[in-house]
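Rule-based calculations on the coordinates, nothing more; no lab input. Not measured: the values here are computed from a predicted model. Don't worry about glycine lacking a Cβ; one is built from the backbone with ideal geometry, like all the others, and counts go over all protein chains shown.
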Amino acid sequence: AVKGTLCFQVSAALREGQITPTELCQRCLSLIRSTKFLNAYITVTEETALKQAEESEERFRRGQPLGVLDGIPVAVKDNFNTAGIETTCASNMLRGYISPYNATVVQKLLDQGAVLVGKTNLDEFAMGSGSTDGVFGPVRNPWSYSRQYKEKSAPKSHSEDRESKWVITGGSSGGSAAAVSSFTCFAALGSDTGGSTRNPAAHCGVVGLKPTYGLISRHGLIPLVNSMDVPGILTRCVDDAAVVLGLLAGHDPKDSTTIQDKFKPFELPNLPDVSKLSIGIPKEYHAPGLSGEILALWSKAADLFKKAGAKVIEVSLPHTRYSIVCYHVLCTAEVASNMARFDGLEYGHRSDTNKSTESMYAATRREGFNAVVRGRILSGNYFLLKQNYERYFVKAQQVRRLIAHDFSKVFGNGVDVLLTPTTLTDAAPYTEFIKEDNRTRSAQDDILTQAANMAGLPAINVPAALSERGLPVGLQFIGRSFQEKQLLTVAKWFEKQVEFPRIQLEEVKRHDHGVLQHQKSASFS
Amino acid sequence: LVPWVPVVGLEVHAQISSNSKLFSGSQVHFSAPPNSLVSFFDASLPGTLPVLNRRCVEAAVMTGLALNCRVNKKSLFDRKHYFYADLPAGYQITQQRVPIAVNGSLSYSVCIDNKMSQIVTKTVRIKQIQLEQDSGKSLHDDTRSQTLVDLNRAGVGLMEVVMEPDMCCGEEAAAAVRELQLILQTLGSSQAVMAEGQLRVDANVSVHYPGEPYGVRTEVKNINSLRFLAKAVDYEIQRQIEELENGGTILNETRAFDSKLGCTIPMRDKEGKQDYRFMPEPNLPPLILYDAKSLPANMNHQQVVNIDSIRERLPDLPSVKRAKLVEQYGILPEHSFTLLNEDGLTEFFENVVNQTQMKPKKVIGWILNDLLSYLKQHSLTVKESPVSSFLLADLLSLLEKKQISSTAAKQVLAELWKGEGKTPLDIAKEKKLELIQDQKELEEICQAVIDGRENEVIMVVRE
């Protein structure tokens, strides 16, 4: 039995009849309504969610739940295809686009009886590190409204408080992170191309898992960079991430980049033991701009492992500093290619211009894409020009191999898991964040997360502590290819050590009778 | 007269004969209702991914082996980008860096001076064979200023066979393509029917002065019959020669063949000098093929393509078939060409030979001169022939047994064409064409002729 998982506890409550799937669903939907100001959701699927909850309830009545996720509300980032439900990628290009099929990972969740409460907000086409650049507006970090944050911020007039000081979620899976963080769902799918699951997880104080490339199917995930994208998992604890991973991983014949090997779902030990492990601390991750308190937290974490008997050593990943510029070339090149299909002909937005096909293409794409997307398309096409291809694209691929090799060398020398910060600072206030453009921010914020995407390695953010401003700070573990079990075992151990505090949100208190928040005891009234 | 040297190379696109498309499961049919064979992937719906069709790979390997190519054990897929209404993704998946087969050759035959009796064998080098997606079809409706797009064909598997510029004229180009067509049809890797768009040819044509480097070449596209191919190439060669002799220059351009006017015309600038921004296709890992030596012991045979087992299963190629016919039946080489050139004719011939005692050497004359000319006159295929092999064999047996004369046989054949269900013997009897073998009967006839013509007889006897 999988003890200690949030999902498990709720699942037990459902089985014991302490709460019904319908009640659970309604509470989450109600909480979504009262936290609307977070703007975490683009589409709330009330009707279908209630229907799924009813079906789940029927199964529980017969004593035949499908599994741990049966009846559990989940949310999905709006760049995953969901049949019959609008899938927008937070872009005008796909506003009103109703997918005709489910992404494989969505289908797997539904097959397990999960209840889909909605599609979450993101940066347009997952391009960004703030979840601020989608056409439906920015996502607000729930911690902006937490007692912890309010207590730490300088007292201002009450009306100003809420509006001007709210902080970003990070991105691009900010909506999913906010949804999990604010208890409107128990697990959410994000995507991770350069850190888009781990970054918002760190800022929102939740667990964010980036699996190994090729472990989970990308069929139905609208791509940003095909060679780096993975579906990401956001949950409130590491055990839950392991449960969801177990249900999603495995070969998909519809995705030729998934590995053929059969995946064995695993349970994490109750009392993980890290004493026999070797933890690597990559010195290059002491990056410029890393805040003093995160640096201290990182050091404290390393000490925790040392005290537990693990071997903690400094290692070097010398090509880390080239990863941003390398990522920029490869990402924009793939973006330029992937976005070529948006021409207004088959689906999505089509401009009214009808002078010629070419002018229709141009107007459609200008109207449908925001400046960030258009900028990346232009850059990407530039790098792919015949005269530039060798110098940029091929060179970047070669540098990518060097970056990947840095990791395999370190892991080959006996290191089991790497420990690094996830972000340079805690979440910035929105008004501060938007002072720099998307490209600058992405380049700054991705530095600690994106090498793992280059190398296709699994990585996870675990919430570690609150910053001086009362906002979450997380730390990142990077593991060996396909060694998610070891990675999550280490993450779980660390989670147990730090006992990250629960967010204290007014809205949640009002709606909750203990079910939505983690309770140590198993009784719910 | 300046002895200009024309140089002709070809890019042949052959639609792979398979149930489903190259990267998706939608069906492949000719003439289906518009947009009825389009999967989510074919329509480029966001989030869809390509999955390689094994049958298409086998077809390309078969073709590569038949054309004496080296089959690459590792080949790669790339994206070729351009915007066009019939290309939903904005790129075509093709093999630009490392195609599936390279460095082969194709032997074909041409007649010297149109005399069937003088056949020369020529060879054209095959640069490569690559797997790639076909595009959809766009129909321009100028009256309503709109373009109608049918994606049924989008994503169908193609083998592009690139022939080096080793040919010199329209006749060679057509002969090379004809032989390729026969090979593909024999292999079954493509039905290669040009009229149905299953085989399309682009010709690269240039001329140069002997001893000088190759001239600027033009590309002639949209050629959908062998006859037009020969005409287009020859016209283009002439056009270029005239242009150069008048002091003009040749533009590196794309031209279309206007079959009504019989000439090539510059195409509307469809793509201009396009930079296709080639990029590796990230959703398809490298294609790995195995042979008996490299096949790992524990690998599931269903999961891999084994070049050697494909080679073992190759059928006799046309050149081998022709040689066998010549050897087995004692017919001339040029006869074997005609037999293979006509769909079903070889089978018909062999059926006749098996059902009559007339020697094949004699049968062939009746097949190629009489039967075939009748078929051509009435625009019929061998399958549609009103005279079956059984009937023809029957007729030839009558002839062989000297029951009728050769002239009579031709008259009987003419009657048989009417397809009225009568046997050759019936017709011979009806028309009193039977040869009379009886001596006494013959004497009586002769006597009857002589009697009553005493004067003529006396004149003949005197001389």
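Could you give the C-alpha radius of gyration of the range A:197-253 expressed as a fraction of 2.2 N^0.38 Å, taking N as the number of residues it contains?
The value comes to 1.14.
Would you be so kind as to identify all helices of chain B, as entire DSSP H runs, whose Cα atoms reach 24 Å or more along the helix's own axis and whose mean Kyte-Doolittle hydropathy is at least 1.6?
The answer is none, since no helix passes both cut-offs.
Can you list the residues of the range B:353-369 with backbone N under 11 Å from a point 7 Å past the Cα of B:LYS429, pointing along Cα to Cβ?
Flagged as within label range: none.
Just list whichever of B:LYS321/B:LYS376; A:LYS150/A:LYS509; A:LYS36/A:LYS77; A:LYS77/A:LYS264 have alpha carbons separated by over 19 Å in the model shown.
Checking Cα-Cα distances, B:LYS321/B:LYS376; A:LYS77/A:LYS264 exceed 19 Å.
Using only the Cα atoms of chain B, what semi-axes does the equivalent ellipsoid have when each is the square root of 5 times a gyration tensor eigenvalue? Give whole Å, largest first. Can you show the working numbers first?
Numbers: eigenvalues 566, 160, 101 Å².
Here the semi-axes work out to 53, 28, 22 Å.
Please work out the Cα center distance from the range A:448-471 to the range A:65-92, rounded to the nearest Å.
The two parts, judged by their Cα centres, are 24 Å apart.
Would you work out the charge dipole size for the range B:318-431 about its Cα centre, treating the Cβ of every Lys and Arg as +1 and the Cβ of every Asp and Glu as -1, and quote it to the nearest 20 debye?
Roughly 320 debye, rounded to the nearest 20.
If I take every Cα pair under 8 Å that is 6 or more residues apart in chain A, average their sequence separation and divide by the length, what percent do I get for the relative contact order?
18
In terms of the Cα gyration tensor, with a ≥ b ≥ c the square roots of its eigenvalues, is chain A rounded because a/c is under 1.5, prolate because a/b exceeds b/c, or oblate? Spell out each step's value before the answer.
Working: a/c = 1.35, a/b = 1.09, b/c = 1.24.
Rounded, because the longest to shortest axis ratio a/c is under 1.5.
Which percent of Cα pairs goes in each bin when the distances of the range B:266-347 are cut into 5 angstrom slices starting at zero?
3, 10, 12, 9, 7, 8, 8, 13, 15, 10, 4, 1
Which whole number gives the average, over all residues in B:278-285, of C-beta atoms from other chains lying within 10 Å of the residue C-beta?
Average neighbour count from other chains, rounded to a whole number: 6.
Apply 1/(1 + (r/R0)^6) to the Cβ-Cβ distance of B:ASP142 and A:LEU378, taking R0 = 45 Å, and write down the FRET efficiency to the nearest 0.05.
With a Förster radius of 45 Å, E is 0.85.
Arranged by the count of other C-beta atoms within 10 angstrom, fewest first, what order do A:ARG15, B:ARG322 take?
On the way: A:ARG15 13, B:ARG322 22.
Ordered by Cβ neighbours within 10 Å, fewest first: A:ARG15, B:ARG322.
Over 24 Å, how big is the tail of the calculated P(r) for the range B:318-431, in percent of all Cα pairs?
22
How do A:ASP303, B:ASP202 rank when sorted from fewest to most other Cβ atoms within 10 Å of their own Cβ?
A:ASP303, B:ASP202
Counting only DSSP beta bridges with both residues in the protein assembly as shown, tell me the antiparallel percent, nearest 5.
85
How shielded is B:79-88 by partner chains, expressed as the average number of their Cβ atoms within 10 Å of its Cβ atoms?
If you average over the peptide's residues, the count of other-chain Cβ atoms is 4.
In peptide A:344-351, what is the residue-averaged number of other protein chain Cβ atoms found within 10 Å of each Cβ?
3
What lysines does A:LYS262 reach when the alpha-carbon gap must be under 17 Å and sequence neighbours fewer than 8 apart in one chain are set aside?
A:LYS108, A:LYS254, A:LYS485
To make sure I understand, if each residue's beta carbon is the centre and we count other beta carbons within 10 Å, what order do B:VAL216, A:VAL462, A:VAL329 fall in, fewest to most?
Details: B:VAL216 14, A:VAL462 30, A:VAL329 24.
Starting with the residue having the fewest Cβ neighbours, the order is B:VAL216, A:VAL329, A:VAL462.
Counting helices only, and only those DSSP H runs with n ≥ 4, report the 222 nm mean residue ellipticity of chain B as the sum of -39,500 (n - 2.57) divided by its residues, in deg cm²/dmol to the nearest 500. Spell out each step's value before the answer.
Working: 14 runs with 152 residues, N = 463.
Calculated from helices alone, the mean residue ellipticity at 222 nm is -10000 deg cm²/dmol.
What full-extension length gain, to one decimal in nm, is calculated for B:ARG453 and B:TYR214 as 0.36 nm per residue of separation minus the Cα-Cα distance?
78.0 nm
Using alpha carbons only, how many angstrom separate the centre of the range A:116-145 from the centre of the range A:228-286?
24
So, R0 is 51 Å and r is the distance between the beta-carbons of A:LEU385 and B:SER36; what FRET efficiency does that work out to, to 0.05?
Numbers: r = 38 Å, r/R0 = 0.75.
The value I calculate is 0.85.
Mind scanning B:LYS73/B:LYS324; B:LYS359/B:LYS410; A:LYS210/B:LYS80 and naming the pairs with a C-alpha gap bigger than 23 Å?
In this structure, B:LYS73/B:LYS324; A:LYS210/B:LYS80 exceed 23 Å between Cα atoms.
Which order, highest average first, do A:400-406, A:353-359, A:35-41 follow once you tally other Cβ atoms within 10 Å for each residue and take the mean per peptide?
A:35-41, A:400-406, A:353-359
From Cα coordinates alone, what are the radius of gyration and Dmax values for the protein assembly as shown in angstrom?
Radius of gyration, then largest Cα-Cα span, for the protein assembly as shown: 37.8, 150 Å.
Over the range B:125-261, what lengths in whole Å, largest first, do the semi-axes of the equivalent ellipsoid take, defined as the square roots of 5 times the eigenvalues of the alpha-carbon gyration tensor?
28, 22, 13
To check you understand DSSP bridge types, tell me what percent of the beta bridges within chain A (both residues inside) are antiparallel, rounded to 5.
70
Ordered by residue, what ³J(HN,Hα) values in Hz, to whole numbers, does the range B:141-147 give under the Karplus form 6.51 cos²θ - 1.76 cosθ + 1.60, where θ = phi - 60° and Gly and Pro are x?
Each residue's phi maps through the Karplus curve to give 9, 5, 5, 9, 6, 9, 10 Hz.
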